[in-house]
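Read through the structure below, which is laid out as structure tokens, and then see the notes.
Just so it is clear, none of the values below were taken in a lab; they were calculated from the coordinates. Bear in mind that the values here come from a model prediction, so they are computed numbers and not experimental data. For neighbour counting, all protein chains shown are included, and Cβ atoms are generated from backbone atoms with ideal geometry for every residue, glycine included.
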Amino acid sequence: MSQMPPMADIPAVLWRDRKRVLGMPISFTRYEIYGDRLIARQGLLRTETNETLLYRILDIKLICTLGQKIFGVGTLTLYCTDQSHPTLRMHNIKNPERVRRFLSDLVENERRAKGATSREVYGMFRHGGHEGRPHIVDADGDGVPDDTGPCGM
């Protein structure tokens, strides 16, 4: 039987927020950033948890509509190499520009710490993926995309 890790080994929450409705945190969607991962939880009776390692985030897009600007919120869209959720949207979070910069810095620091370079990212996609995004093939789960045919296409 495996044991739970001691509380000292569990990283502290670096950032936490909820999806907001009219600027107020009254939804059942929560976002948290720990040392090397982002966790998104949705639901009350049936909870879905999505965990994304920070070094797998490729691009971050921020959208703020007029209504969101009025309430001081925005939506971050994260494009990742994650197989189950290549696109993660963080809806109506507070201080979205600050969070975008914070998350971007964390992603870069995590890539440096893991030794991930643009070599791992470059050429790892092929056309025809989810929502116009490239499809990633990493069947063995080692974080390095597999060749999908002649010349990696």
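Taking all pairs of different Cα atoms in the range 53-119, averaging 1/r and flipping that mean, what Kirkwood radius in angstroms comes out? Provide the component values of the computation, followed by the final result.
Numbers: mean 1/r = 0.0794 Å⁻¹.
Kirkwood hydrodynamic radius for the range 53-119: 12.6 Å.
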Packing-based order for 89-98, 58-67, using average beta carbon neighbours within 10 Å, highest first: 89-98, 58-67
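Ordered by packing density, taken as the mean number of other Cβ atoms within 10 Å over each peptide's residues, highest first, how do 106-112, 71-77 rank?
Values: 106-112: 16.3, 71-77: 18.0.
Ranking the peptides 106-112, 71-77 by packing returns 71-77, 106-112.
Multiply the residue separation of residue 42 and residue 64 by 0.36 nm, subtract the distance between their alpha-carbon atoms, and state the gained length in nm to one decimal.
Working: separation 22, 0.36 × 22 = 7.92 nm, distance 2.16 nm.
The residue 42-residue 64 span can extend by a further 5.8 nm.
May I ask you to derive the FRET efficiency for residue 87 and residue 12 from their Cβ-Cβ distance with R0 = 22 Å, giving the value to the nearest 0.05? Present the calculation step by step, with values, prior to reporting the outcome.
On the way: r = 27 Å, r/R0 = 1.25.
Efficiency for this residue pair is about 0.20.
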Karplus-derived HN-Hα couplings along the range 32-39 (A = 6.51, B = -1.76, C = 1.60, θ = phi - 60°), whole Hz, x at Gly and Pro: 9, 10, 9, x, 10, 8, 10, 10
Evaluated over the range 8-115, the Cα radius of gyration and Dmax, each in Å: 13.7, 43
